[in-house]
Amino acid sequence: MILRFFLPLVLLFCATALSLNAFSQTVSTRDSLLSLQQDTTALSGEIDEITVTAFRTPYNLFNTPAPINLILPRQLETGSALSPVEALNQIPGVLMHHGTLSTNRLTIRGIGTRSPYSTNKIKAYFGEIPLTSGDGETTLEDLENPSIQRVEILKGPSSSLYGAGLGGTILFHPRRINKDFVQHQSTVASFDTYKNTLSAGIHQQDMYVYVLGSILNSQGFRENNATNRANVLLHSEYSFSEKVNMEALLKYTKMKAHIPSSIDLNTFLNTPKQAAANWKGIQGYEAYDKGQLGISLNVTPNNRSKASLAAFGSFREADEPRPFNLLLESSQFAGGRGYYQRNITAENITMTFTTGFELFRENYDWSTWSNDNPDEPLSDNREKRSYENVFIQAEANIQERLFLSAGVNGNLTRFDYIDRFTEDGDESGQRSYDPVVSPRIGANYRISDDLSVFGNVSHGFSTPTFEETLLPAGQINPDIKPETGWNLEAGIRTGLDNRLRATLSYYRIYIKNLLVARRTGEDAYVGVNAGESLHPGLEAEIRWLALNPGTFPSLVIDANATFANYHFRDFVDNDTNYSGNLLPGTSRTVYYLSGDYRPAANYGIRAWHRFTGQMPVNDANSAFTDPYGITNIEFRYNRNFSSFNFELKAGVQNIFDVNYAAMLAVNAPAFGSSQPRYYYPGNPRNYFVTVVIGWEK
């Protein structure tokens, strides 16, 4: 079965490589070789070249005492690259359910799979600005890849600096520039998809400014599937002196995305283009305007200490016509982060202490209105969400061999619910959770220059969503508790001659007070703490410079695999015992394989394949999706003409036209004689062409 899914990619890749090997004698210019060497370093992930900063202290990835992965710009631009969500599926342990351009659910190590339509229990930041709302929901799909310098992913509750998110933390680092430039990128793809991105940068001695504007329009593969999105972003930095600088980040998004919704099994197998009849009938959609702002001041008085203070804010105005009512939403949040860091060096030991805080305040207003009488309100609510995080972390580097890291995060979260529709009674109330203390300790020992081992023990938590904090009648849910968990992990990293890098790790995550959004209707939920789940897994990844790094032809192979058994350890819901069942929306096996072949200067071919095993669609495990493998290929040509550069990229995604479930509406209910609507079909075979034209000073 596994061979069936890998064989097409292997044959395709070998045939392509052989057919283009004739170009290997093409004269390569000095600039082309330099470009190749830079890209090869990025693709190969040379151990001595990769530094991560997720713990505020720059770490060589080989010495990091935590499970962390890095996504570089070339990976972000793989495929049609309409948003970062496609690149996230290249990481072991990460599974991005991708229903439409605006409907996604990111899960890390099986955590967050039971969130109905969005990403939950995972924290994310764009620079210093949180992308996660006060109740733990995260939106990633409206980020622009060219604006991202790199992405660092901490899997499991591995960071005490960011609130100890139960599933993990994703850090999107804004792009930094060191020269003046202008670049236009245009993509044309299947399903009447068009995307244009214009970016520019100005760099002076004490300041740089980066601006980006982007417009995306797509009719989508399915009925009622049109998406229109516009983004504007500005990121700048000004240095007052060598010791003091200030950064500013401004982002605005306007989006309207129609909703085809999920479909039943018969429709999924025979007519996957169809939208759900009720959503198509009302031409339902989600539209929002969202703005985000962040300002940070960084002071480095000497080479032993650093202080940073940041303030951030955001607003979002949204409306969503749905088959059952019209939902109007409005949210505003503001907050701040600050930390102080001190380095101490003595003999062969370097120690770093970091302490800081994060404050967050959010007002979330939502109301529902009758579709038959738009002037008739059905509900009108406000929720005030507040939390405070304080953290402290200590790190020690002993003789460049032993790296120790320990930290603790303290959190206090409160919800204040105000019922402004009192015709059926006033259900207002408050909910303050007990303080949560989350410790973490990790160690990495470098046995030799080519081998290191690491271990990590950490605690995390996730607060309930706003649906889970309320009972179906609207009153405060008095019994709901935060979901908490412990992560235990051990792994090994190795690298040979900077041409091969491999990592193998085993983890077990124990979740208590499992939060369950129990459906009581198509859009009605009640939150319960229903037991415990266990998330054991084995992750393996390898990156290999297989052929002539730095010359032509060259070949880089990337592969990873996740073997997991995420299941309910103790789960009884409505007198039904689900203990031992697999978590819905998770797969026991996921494989990823890619090859990047450079036959000659200026030419490149990339092929990649992802296999996902069967997934249960509900808690009862009464039905499973079929396993599937998706194969893709792209061809690239790039050329530099003095200060101008040109790149042409064209590709095919889902080459073998596989019908697969790209996302699941887990535990979807059945009404009357209708079947449950579990399935979001993935795109069939599709094509894209991208042209990039740029100028650099």
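Read-outs: derived from the displayed coordinates by stated rules, not from any lab. Here the structure is a predicted model, which means the values were calculated and not measured. Cβ coordinates were reconstructed from backbone atoms using ideal geometry, including for glycine residues, and neighbour counts include every protein chain displayed.
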### Task
List the lysines whose Cα lies under 24 Å from the Cα of LYS243, skipping any in the same chain that are fewer than 8 positions away.
LYS179, LYS306
### region 598-621 and region 658-697: distance between their alpha carbon centers, rounded to Å
14 Å
### Message
Quick check: Cα centre of region 120-166 to Cα centre of region 379-404, how many Å?
### Response
13 Å
### Message
Test of the criteria: in region 179-256, which GluC sites (Glu not before Pro) are in a DSSP loop and have at most 12 other Cβ atoms within 10 angstrom of their Cβ?
### Response
GLU242
### Query
In region 549-697, what is the volume of the convex hull around the alpha carbon atoms, normalised per residue and reported in Å³?
175 Å³
### Value of relative contact order over the chain, rounded to a whole percent, pairs C-alpha under 8 Å and six or more apart
13 percent
### Query
Rounded, prolate or oblate: which fits the chain when a ≥ b ≥ c are the square roots of the eigenvalues of the alpha-carbon gyration tensor, with rounded for a/c under 1.5 and prolate only if a/b beats b/c?
rounded
### Task
May I ask you to list the lysines whose Cα is less than 16 Å away from that of LYS290, ignoring any residue fewer than eight positions away on the same chain?
LYS251, LYS254, LYS256
## Note on the structure
Diffusion coefficient in µm²/s returned for region 49-192 by Stokes-Einstein, Kirkwood Rh over C-alpha pairs, 37 °C and 0.692 mPa s, is 207 µm²/s
### Query
Helix-derived [θ] at 222 nm for the chain: sum -39500 (n - 2.57) over DSSP H runs of at least 4, divide by residue count, nearest 500?
-2000 deg cm²/dmol
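Find the percent of Cα-Cα distances in region 276-434 that exceed 20 Å, and round it to a whole number.
Values: 8522 of 12561 pairs.
That fraction is 68 percent.
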### Summary
Note to self: C-alpha centroids of region 406-461 and region 321-370 sit apart, in Å, by 12 Å
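Using per-residue counts of other Cβ atoms within 10 Å, averaged over each peptide, order 636-642, 279-285, 97-103 from highest down.
Working: 636-642: 13.9, 279-285: 17.4, 97-103: 22.6.
Put in order of decreasing packing, that is 97-103, 279-285, 636-642.
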